[in-house]
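Read the structure below first, then the notes.
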Amino acid sequence: MAIEHIHHLTEADHCQTLVLKIGSALLVDGDGHPRKDWLDALVREIAGLRAGGQKVIVVSSGAIALGAARLDLPKGGRASLADAQAAASVGQIALAGLWSGLLEEHGVQAAQMLVTLDDLEDRRRYLNASSTLSRLLDAGVVPVVNENDSVATEEIRFGDNDRLAARVGQAAGVDAVLLLSDVDGLYDGDPKDSGAKLIERVEGVTPEIIAMASDNSSSGMGSGGMLAKLQAARIAERAGITLAILNGTGNAPIARAVKEGRGTLFMPRRSDTARKAWLGGRIAPEGVLTVDAGCAEALGNGASLLAPGLIEVEGAFDRGALVSIHGPKGERMGQGLVEYSADECRAILGLREGDQAAKLGYTPRAAVVHRDHMVQL
């Protein structure tokens, strides 16, 4: 079922998997210390969402702010690139420990993932991130994702975790991305002006919508602002993901927003995800995988492409390449991102799972082309 109202974000029937993004200003106070009471309340909400059958990914800012306080660095650790990287290195440990400890109090296991935006742009690294997120969620874990600011360069200066949250949502195939902010949502003017009105629903991030945003972060602590959130919404809407902006400044912000029905929902603009559209024809395939009749029928019913149904491999490609998938008569059925190189595909061609390890020299992956990374044509 589609997400049409804010309360649907907390209902598993409408939103099975949710990315929750928390900014630095919400997580850390002005002195660089964690806002423990606020975090305790939020983690109780996360535990409640999971108890209701939802899977949750947390995208958490705060590493630079936490590290800067410990190192006594000026300007919150953002006086220079070297300061930001050093602060992030210290703060990432503190941030991971903070989330792990709080979630553990509710019997929830946390996992840390440090990524850069490039990790989700490169096809091979994207597959790795997607597979890791999927496995963690299936295992009942809450992944806590942050940008790897300790090694990033341009990302620290221009990146933001709003956009990262949308990219993570794409990789994990989530239903919604929820950005907790210091305002109720998108206003048609400056929220400080009494005449400004909250926009509750946005059907497409147009130039007119962009013009309403400020690119400044009101806290001065993070790297995002409303413009960054609209850029995230644009990524989400093209991927078939609903994005919401809610006010996170008070305790239990999700419950409060749901009760009041107050926030901004950005609706998906297309039924296909951006990933599916990309796989469907925007990049020339580097090879061809031909399957037998049984596999072709299974693929038509939404299955993954498995090695036993593979009868021919054409081309030279690496893992993560886009390949075309043909039926036994040469008809083009679809295309997707392959989990093996061309030589590895030829090695396991027609083999069942139990016989693949001897050929590969390692435990085989779940599929040659997973259905999550495949589109039918």
- request: Provide a single number: the residues in the stretch 62-112 that are crowded, with 18+ Cβ neighbours inside 10 Å and under 20 Å from Arg50 (Cα atoms).
  value: 8
message: When you check Asp343 against the structure, is it in contact with a strand residue (DSSP E or B) (Cβ under 6 Å, 6 or more places away or on another chain), at pLDDT 95 or above and either among the acidic types (Asp, Glu) or farther than 21 Å from Asn128 by Cβ (or both), yes or no?
response: no
Evaluation of Leu98 against (1) in a helix (DSSP H, G or I); (2) within 16 Å of Val177 (Cα to Cα); (3) of a type outside the set (Lys, Arg); (4) touching a Pro at 6+ places or on another chain (Cβ under 6 Å) (one fails), failing number: (2)
Qualifying position, being acidic (Asp, Glu) and at negative phi, among Asp72, Asp29: Asp29
statement: In the set Gly336, Gly302, Gly330, Gly354, the lone residue that is buried (at least 20 other Cβ atoms within 10 Å of the Cβ) and modelled with pLDDT under 95 is Gly336
Only one of Gly48, Gly32, Gly23 that is more than 24 Å from Arg167 (Cβ to Cβ), surrounded by 22 or more Cβ atoms within 10 Å (Cβ to Cβ) and in contact with a helix residue (DSSP H, G or I) (Cβ under 9 Å, 6 or more places away or on another chain): Gly32
Hits in the stretch 1-20 (condition: assigned to a loop (DSSP other than H, G, I, E, B) and crowded, with 19+ Cβ neighbours inside 10 Å): Ile3, Cys15
- line: Exactly one of Gly140, Gly189 is at pLDDT 95 or above, over 15 Å from the mean Cα position of the chain (by Cα) and assigned to a loop (DSSP other than H, G, I, E, B), and that residue is Gly140
Residue selected from the stretch 297-348 under the condition among the polar types (S, T, N, Q) and touching a helix residue (DSSP H, G or I) at 6+ places or on another chain (Cβ under 7 Å), by the criterion farthest from Val369 (Cα to Cα): Gln335
Filtered residues of the stretch 357-366 (kept if surrounded by 14 or more Cβ atoms within 10 Å (Cβ to Cβ) and in a helix (DSSP H, G or I)): Lys359, Leu360
- prompt: Identify, please: which residue in the stretch 11-34 is at pLDDT 95 or above and of a type in the set (D, E, K, R) and is, among those, nearest to the chain's Cα centre (by Cα)?
  reply: Lys21
- prompt: Are any of the residues in the stretch 239-248 under 25 Å from Ala347 (Cα atoms) and at pLDDT 95 or above?
  reply: no
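The values are calculated or read from the model by the stated rules, or taken from the named source; none is laboratory data. Please read all numbers here as calculations on a predicted model, not as lab measurements. Cβ coordinates were reconstructed from backbone atoms using ideal geometry, including for glycine residues, and neighbour counts include every protein chain displayed.
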